[in-house]
Amino acid sequence: MKKSLIFLLILKILSACSASKEKMQMERTSNEDGIKFTYKPEDSLFSGFQLKVIPIDYRLEVTEEKIQVIADYITNAFPENEITFELKNRIEFVDSGVNLETISCSHCGSIIESELWQEEMTKAHKADFEDMDFITPCCKKEESLNNLKYNTEAGFSKYQVTIINPDYNKVNYAEFVTLLEKQTGIKMKLIWAKY
């Protein structure tokens, strides 16, 4: 029931966006994890370079109205790029791919070993990332996986927009995120990823 409501919501929003765009194809895929729509202009190029947009508050439930504003704004800002809009049934880690090299404690700055991080991520994943707290080995303080210092931005969210192969020089990204936040009232995070 919930999955079909989410599907109808996103379909309605993205249909409204697509009505004003020529030569656009919208692809829908769904599975037990959630629903994904892909905006794919005819001349778009695929690459392993991506810009991901997520809310900073990983617990935020994005409303229908906000999703429509986000979809309109981003497809207008990147009309020539392939863009995916994903709404998951549960919180997921949104990574930066090969750009992620080090993870540090937010309390003392010590490097968190990847084996420990992966172990804590596995535990948190089993609980759908509802509890991300653990005790750091470095300073023995309570820490959240969400608050760790990733050398490149990363985060957690149910909602994610991915822009494929954005031209870094065509858009002022500080202005892009500021305007998006003003229009939605949602604090956003940009994650530059490479795969």
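Readers should treat all values here as calculations from the given coordinates under stated rules, not as data from a laboratory. Owing to the predicted nature of the structure, the values given are computational and were not obtained by experimental measurement. Reconstructed Cβ throughout: ideal geometry from the backbone, glycine too, with neighbour counts over all protein chains shown.
What residues qualify as long-range amide H neighbours of Phe49, i.e. H under 5 Å apart, gap of 5 or more or another chain, H built at 1.01 Å from N?
Asn165, Tyr195
Suppose the Debye formula is applied to equal point scatterers at every Cα of region 53-107; what is log10 I(q)/I(0) at q = 0.15, 0.22 Å⁻¹?
Scattering profile of region 53-107, log10 relative to I(0): -0.63, -1.06.
Give the separation of the Cα centroids, region 170-195 to region 87-108, in Å.
17
With an 8 Å Cα cut-off and a minimum separation of 6 or more residues, compute the relative contact order for the chain in percent.
32
Using a 7 Å offset from Cα along Cα-Cβ at Val98, what residues in region 25-46 end up with backbone N under 17 Å from the label point?
46
What does the charge count around Val161 come to, taking other residues whose C-beta lies under 13 Å from its C-beta (Lys +1, Arg +1, Asp -1, Glu -1)?
+3
What residues have an amide H closer than 5 Å to that of Tyr150, excluding those fewer than 5 places away on the same chain, when H is modeled at 1.01 Å from N in the peptide plane?
Ser104
What are the ³J(HN,Hα) values, in whole Hz, obtained from phi via the Karplus relation 6.51 cos²θ - 1.76 cosθ + 1.60 with θ = phi - 60°, for each residue of region 121-129 in sequence order, with x given for Gly and Pro?
Going residue by residue, I get 5, 4, 4, 5, 4, 4, 9, 6, 6 Hz, with x marking Gly and Pro.
Quick one: length gained pulling Met121 to Asn31 fully straight, 0.36 nm per residue minus the C-alpha distance?
That pair, Met121 and Asn31, stretches by 30.2 nm at full extension.
Mind checking the dipole of the chain: about its Cα centre, +1 per Lys or Arg Cβ, -1 per Asp or Glu Cβ, Debye to the nearest 20?
380
For Val94, what residues show an amide H to amide H distance below 5 Å, using hydrogens built from the backbone and excluding near sequence neighbours?
Close amide H contacts, sequence-distant or interchain: Gly155, Phe156, Ser157.
Find which of Gln50, Phe85, Tyr173 sits farthest along the positive direction of the dipole of the chain, computed with +1 on the beta-carbon of Lys and Arg, -1 on that of Asp and Glu, about the Cα centre.
Phe85
For Asp43 paired with Lys194, estimate the spin-label separation in nm (one decimal), with each label point 7 Å from Cα along the Cα-to-Cβ line.
Here the modelled spin labels are 2.7 nm apart.
What is the distance, in nm, between label points placed 7 Å from the Cα along the Cα-to-Cβ direction at Asn169 and at Asn151?
Going from the Asn169 label point to the Asn151 one covers 2.7 nm.
Using the Cα centre as the reference, give the magnitude of the dipole from point charges on the C-beta atoms of region 105-150 (Lys, Arg: +1; Asp, Glu: -1; all else neutral), rounded to the nearest 20 debye.
180
Distance in nm between label sites at Ser144 and Arg59, each 7 Å beyond Cα in the beta-carbon direction?
It is 0.7 nm.
Which one, Gly97, Gly155, Gly185, has the greatest fluctuation when you compute a Gaussian network model over the chain with C-alpha springs under 10 angstrom?
Residue with maximal mean-square fluctuation among Gly97, Gly155, Gly185: Gly185.
If you plug each phi of region 89-95 into the Karplus form 6.51 cos²θ - 1.76 cosθ + 1.60 with θ = phi - 60°, what whole-Hz ³J(HN,Hα) values come out, in order, with x for Gly and Pro?
7, 9, 5, 9, 7, 10, 9
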